[in-house]
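Taken together, the values in this text are just the output of simple stated rules run on the coordinates, not laboratory data. Model, not experiment: these values are computed from the prediction. Cβ coordinates were reconstructed from backbone atoms using ideal geometry, including for glycine residues, and neighbour counts include every protein chain displayed.
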Amino acid sequence: MPDRYIGELRVLERLNEYEFEFEADILRTGPVQGGRWEFARLEENYRSFAGRPVLIAYIGNRVGDGHNASERIDPESGERYRSFTGATAERIIGMISENLDDLSLEERDGYTWLRVKGRIWTYYAKEAVEEIVRTGRMDVSIEAEVHDMREEDGREVYDSWIGLGLTILGAGVDPAVPGANIRALADMEEEFNDMKLRVASLVKEVRNSAEDEEEEDKPQNNPTKEKELKHRMRLSKKQLCDIQAKFADYTVLAAEQGDNGVTVCLMNATGQTAVYQMASIDETVVPERIVPVNAQVQFCADGEEAVCVDACDLVETMTKACNDAENRAECAERELASAKETIKQMEAVESARRLSAAKKTAADTLNAFNANREDKVSEDAIRELSAEIETGKFTACEDENHAWNGDKMVEEKVLSICAAAVMEMDKANAKSAKNAYIWEKFASGDADDGSVEALLARKGIKA
């Protein structure tokens, strides 16, 4: 088999008016593209392709990012359709299935191939689908973001990578270098999500139309109206942000691009709804052209006629509930602030009481210790402790039951200081007494001359 990095896509069947199912072999093991690249660890990384977009390369390998489309006529059927093949046309035309069961690895010709299924949105890719149906196949190439790369035998080997999408290649168009379109695909992520929603909406409308036809013989609660499928495109969040800057007094709820321009849905602070018609999103807004409308919300029950409620009434009800909640919140905040202030004042009073009690305990304990002593412990001994009390060191002391015990700790501290002071005083007194005894002995002139009298004198017996 040639060393090609190009896979193959085949259309399987038409699912509905807007979707074709496809199957494609998009990647294989081993060196590809002339031996320049190799996507290793296919088993570990292939699931990253699930739910990724399918793009078309109408002009070279460029991925467009515009929303423009032109109306054309099919020469064979005379049917009018919208074409997205222009230079600035939108390039996402489908998606790979999000179901992992639709992604599989198959052994063929000595290689492991990744086969995927997905859907092409014919509304955005009429020419592409016709070309695939006519030829039976089209070349495809993957778009991938490489995280871990190494060099081996002159080629780039990718061990860790993420599949970003699948590109249908035009005739003679080579695949892009891996990672070349990462920025473009990242910028198109929001558009991709938006397109999925739009296609789902179109398919749902077709299904609803089919269900209505099946029910046409049954009694209807509403007059029958002719349904026309209009091609409209919901604008992205980024585009809505750009439009919002033009409407200072309104909130932009939604906007759609139609055949006759852009319709913008608005609501002001009072809940009044309005619409504004723009030829393009770039035009200057004229406030006088904002048209108030009576937007309604439908409440539907199975088999019953829908009941409509004015959006203003709905918003008014919600606004009243919000105002009530805000009032309750403000009241609660005021009560909380008052409670905090009361607690703060109570804590200040309690702290002052504890400080006074600690100082009194220190003085009372010292006085009690000195009450029956001739040698008093000086107040200077507890001066450092008194300074600690003043700083509030004992104010926050609590026991395991959260009861204040700072006074007990002060008492213990004073007694400890007094005990240490007494030890020092006793030590000094003992030393003084010893020195006095020896001096007095020498001063008496008594001498031990070895006589019986001297012996008796040593024993304290007078001769």
Check: What order do you get for 201, 451 when you list them from fewest to most C-beta neighbours inside 10 Å?
Finding: 451, 201
Notebook entry, point to check: So which of 117/237; 393/413; 376/427 end up more than 18 Å apart by C-alpha?
Noted result: 117/237
Note to self: Using a 7 Å offset from the Cα along the Cα-to-Cβ direction at both residue 401 and residue 275, what is the distance between the two label points in nm, to one decimal?
What the structure shows: 7.6 nm
Check: At q = 0.16, 0.18, 0.19 Å⁻¹, what log₁₀ I(q)/I(0) does a Debye calculation on the Cα points of the range 258-390 give, no solvent, two decimals?
Finding: -0.99, -1.07, -1.11
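Considering every pair of different Cα atoms, what Kirkwood radius, in Å, is found for the range 343-415?
Numbers: mean 1/r = 0.0771 Å⁻¹.
Answer for the range 343-415: a Kirkwood hydrodynamic radius of 13.0 Å.
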